[in-house]
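*Asks:* Sharing a structure, written as C-alpha cells. Questions coming.
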C-alpha cells in the first residue's frame, strides 16, 4: 500500500488544516463537522472510498506536472467536496431525522470551503467550471437512475457516476498545467477505478443494501443470473455467493477492468496500484468463499479444523 503510506504525513496536514477551518463554523456545526471529518479521515479509519477522495491529486501529480502547493490545494478541496457529497448520500439513503437541518447547513458550509479553494486556482472563465458542472450533473443522474436503469447490467461504467465529482481534482490538475488534451483519457481511467471501487463496496454492503432496498451491482448480477420473477431474498443471494460461485464471476469482471485500465497507459502508476489493491481484495474474497465451500463439501470436520487453525 505504498500508494497510501508514502502520503500519510501530507494527509495528516491536509486534514489538520481542513479541521482548523471547520472548527470556525458556527455552533454546533463546528463540532458536527469535526466529527464528520474524523469519521472519513483515511489516516484514522481505513476505508477504500476515502483513499481515492483524498489521494487522487497525489496519484496524478507526476502525470499532470502540478506543483506541491497546487497538489495540496486540490487535495484539500476534494476533502471538502467528499464530505459534502457524503452528506448528500446520507440524506438520500436514510429516513430524515431531527438532524437533517444541521446536515444540510453543514453541507453548504463545506461546499463554500471547497469553492473557496477552487476560486483561488481557477478564474471564472476557466473550462474547469464546465467540467465541474458536468461531473455534478452525471452524479445527479446516477443517484436517481442507477436502479431504474439497472446500471451494472446495462452499462457498468455508469456506476462510477456517483463518485464522479472526485475527478474534478484530476481534471483541475491537468488544466493547471495546460494538459487539457489528456483529460478524457484520465477520466476513463478514474471511471474504471471508481467502477471497481463500487463493486468492492457492493460486496461489503450487499446484506445491508438488500434490507434497505438500495441498488447494488452484485445483487443486480445475481438477480439477472437467476432470472427471478419475484423479489430477491437474502437466501437467494447467499446461495449465489457461497454455493453457485457468483462471487468468482464478479471478481473476474474486476480483473477485466484492470486490463482496460493498464491499456490506457495514463502514467498514473499509483492509481493503477490502487486498482490492483481493489482487484486483489475481490479475488481474495472469492477465493476464501471457494475454499470454504470445498472444505464444507469434503466434510464439516475438515472445515472445523481449518477454522481453528486460522484462530
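The values are calculated or read from the model by the stated rules, or taken from the named source; none is laboratory data. Bear in mind that the values here come from a model prediction, so they are computed numbers and not experimental data. All Cβ positions, even for glycine, are placed from backbone atoms using ideal geometry, and neighbour counts span all protein chains on display.
*Asks:* Can residue 65 be described as surrounded by 20 or more Cβ atoms within 10 Å (Cβ to Cβ) and in contact (Cβ under 8 Å) with a residue 24 or more places away in the chain?
*Replies:* Against the criterion (surrounded by 20 or more Cβ atoms within 10 Å (Cβ to Cβ) and in contact (Cβ under 8 Å) with a residue 24 or more places away in the chain), residue 65 does not qualify.
*Asks:* Here are some residues: 210, 304, 297. Which one is at pLDDT 95 or above and part of a helix (DSSP H, G or I)?
*Replies:* Of 210, 304, 297, the one residue that is at pLDDT 95 or above and part of a helix (DSSP H, G or I) is 210.
*Asks:* Under 8 Å between Cβ atoms, which residue pairs at least 6 apart in sequence (or on different chains) link something in the range 241-254 that is on the phi > 0 side of the Ramachandran plot and in contact (Cβ under 8 Å) with a residue 24 or more places away in the chain with a partner that is in a helix (DSSP H, G or I) and surrounded by fewer than 16 Cβ atoms within 10 Å (Cβ to Cβ)?
*Replies:* 245/290
*Asks:* Take the range 121-141 and flag every residue that is touching a residue at least 12 places away in the same chain (Cβ under 8 Å), assigned to a helix (DSSP H, G or I) and under 28 Å from residue 18 (Cα atoms).
*Replies:* 121, 128, 131, 132, 135, 136, 138, 139
*Asks:* Just the residues that are over 11 Å from residue 76 (Cβ atoms) and either over 20 Å from the mean Cα position of the chain (by Cα) or assigned to a helix (DSSP H, G or I) (or both), please, taken from the range 7-18.
*Replies:* 8, 9, 12
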